Amino acid sequence: MDVMIQPDARAASDLVAELIAGELRKNPHLVLGLATGRTMEQAYARLVQLHRTTGLNFSKCRTFNLDEYVGLPGDHPNSYRHYMNHHLFQHVNIEIRNMHLPDGMAENLEAECTHYETLITKCGGIDLQLLGIGMNGHLGFNEPLSAFDSRTRVIVLSPATREQNSALFKAPAQMPKRAITMGVGTILDCKRCVLLATGADKAAMVAKAIEGPVTDVIPATALQRHRACTIVLDEPAATRLAPSNPAG
């Protein structure tokens with residue numbers, strides 16, 4: 001696990017974007033795993049800028065998002081399909097057929113989960129997976145006690161996750177109680193993981209994820225077992241790390 005610390009959130013986000021861009025330049029057919037949330041917005045803005053100013057080419061890459069709410073159509077302003085369209089997809093030259101998100105409106109959710117795993121396998125697996133970390137240590141929507149060998153599935157969102165995310169809804173009570181998420185095992189199968197965390201409110205959980213015992217109580221600790229994981233932090237998010245760990 002490599003830990004890279006930047007002076008502020010902007011620098012951390014820009015570094016993540018540069019890491020993704022570097023992989024995309026080396027492999028135009030990159031299979032890219034994507035995450036959502038406020039932490040990722042600057043990273044996507046930087047990728048859009050690189051596309052416009054340097055010609056960063058997304059036309060041959062394929063993307064798979066970590067998760068999607070159950071019961072929200074793709075045009076709903078709080079769906080992750082809408083988020084990705086708004087922050088990245090509609091601003092770069094990616095093909096619609098190459099954008100993959102779980103379908104939270106599927107009639108058969110179990111079949112949709114199986115189909116999503118099959119699509120990932122048919123693409124040869126995910127080359128680089130972008131990740132955030134929840135306040136309770138979740139990856140994607142893998143809540144505490146998620147098995148490390150879990151695959152894409154429907155999950156009931158914890159009260160902590162619902163409280164954290166409901167502020168993004170105009171009517172917080174309308175936030176879905178369930179979501180489809182890649183499993184921890186699906187994430188660990190990715191060839192490279194890049195986790196971005198910023199802000200002092202993430203510092204305690206970041207330290208547990210990096211330095212604490214590996215436990216399904218904190219799903220993010222599973223990344224300690226990953227063969228190629230990069231953690232990118234801003235200085236506030238790194239304040240709880242032991243002095244010997246910080247790197248930059």
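The values are calculated or read from the model by the stated rules, or taken from the named source; none is laboratory data. Because the structure is a prediction, the values reported are computed rather than measured. Reconstructed Cβ throughout: ideal geometry from the backbone, glycine too, with neighbour counts over all protein chains shown. Surface accessibility is based on the protein's heavy atoms, side chains included, excluding ligands, DNA and RNA. Shrake-Rupley method; radii C 1.70, N 1.55, O 1.52, S 1.80 Å.
Say we join alpha carbon atoms closer than 10 Å with springs in a Gaussian network model of the chain; which of T186, T54, T118 then has the biggest fluctuation?
T54
Of the DSSP beta bridges with both residues in region 86-242, give the percent that are antiparallel, rounding to the nearest 5.
Details: 5 of 14 bridges.
DSSP beta bridges in region 86-242 are roughly 35 percent antiparallel.
Please express the Cα-Cα pair-distance distribution P(r) of region 93-229 as a list of whole percents, one per 5 Å bin, running from 0 to the bin with the greatest distance.
2, 10, 18, 22, 20, 16, 9, 3, 0
Using per-residue counts of other Cβ atoms within 10 Å, averaged over each peptide, order 128-139, 166-177 from highest down. Don't skip to the end; give the middle numbers.
On the way: 128-139: 23.4, 166-177: 12.1.
Output ranking for 128-139, 166-177: 128-139, 166-177.
Tell me the mean residue ellipticity at 222 nm calculated for the chain from its helices only (DSSP H runs of n ≥ 4, each -39500 (n - 2.57), averaged over every residue, nearest 500).
Working: 7 runs with 76 residues, N = 248.
About -9000 deg cm²/dmol.
If you line up the Cα atoms of region 18-78 on their principal axes, what length do they span on each, largest first, in Å?
Extents along the principal axes: 37, 21, 18 Å.
In percent, how large is the relative contact order of the chain, given Cα pairs closer than 8 Å and 6 or more residues apart?
Details: 512 pairs, mean separation 65.8, N = 248.
Here the relative contact order equals 27 percent.
Give me the number: length gained by fully extending A228 to D8, i.e. 0.36 nm times residue separation minus the C-alpha to C-alpha distance, one decimal in nm. It would help to have the intermediate numbers written out before the result.
Values: separation 220, 0.36 × 220 = 79.20 nm, distance 2.39 nm.
Gain in length upon complete extension: 76.8 nm.
Stokes-Einstein D for the chain at 20 °C, 1.002 mPa s, Kirkwood Rh over Cα pairs, in µm²/s?
Answer from the Stokes-Einstein relation: 119 µm²/s.
How large is the accessible surface per residue of region 141-230, computed with a 1.4 Å probe and reported in Å² as a whole number?
On the way: 3890 Å² over 90 residues.
Averaged over the residues of region 141-230, the accessible area is 43 Å².
In terms of the Cα gyration tensor, with a ≥ b ≥ c the square roots of its eigenvalues, is region 135-187 rounded because a/c is under 1.5, prolate because a/b exceeds b/c, or oblate?
Details: a/c = 2.80, a/b = 2.04, b/c = 1.37.
Prolate, because a/c is 1.5 or more and a/b exceeds b/c.
Using a/c under 1.5 as the rounded threshold, could you call region 167-248 rounded, prolate or oblate? The axes a ≥ b ≥ c are square roots of the C-alpha gyration tensor eigenvalues, and prolate needs a/b larger than b/c, oblate otherwise. If you can, show how the numbers build up before the last one.
Details: a/c = 2.11, a/b = 1.31, b/c = 1.62.
Taking the square roots of the gyration eigenvalues as a ≥ b ≥ c, region 167-248 is oblate.
Taking R0 as 45 Å, what's the FRET efficiency between T239 and N78 from their Cβ-Cβ distance, rounded to 0.05? Walk me through the numbers before you get to the answer.
On the way: r = 31 Å, r/R0 = 0.70.
Rounded to the nearest 0.05, the efficiency is 0.90.
Of all the accessible heavy-atom surface of the chain, with the other protein chains kept in place and a 1.4 Å probe, what percent is carbon and sulfur? Intermediate values should be presented prior to the final figure.
Values: 5610 of 10900 Å².
Solvent-exposed carbon and sulfur of the chain make up 51 percent of the total.
Let me confirm the definition first: pairs of Lys residues in the chain, 8 or more apart or on different chains, C-alpha distance under 27 Å. How many are there?
Final tally of qualifying lysine pairs is 11.
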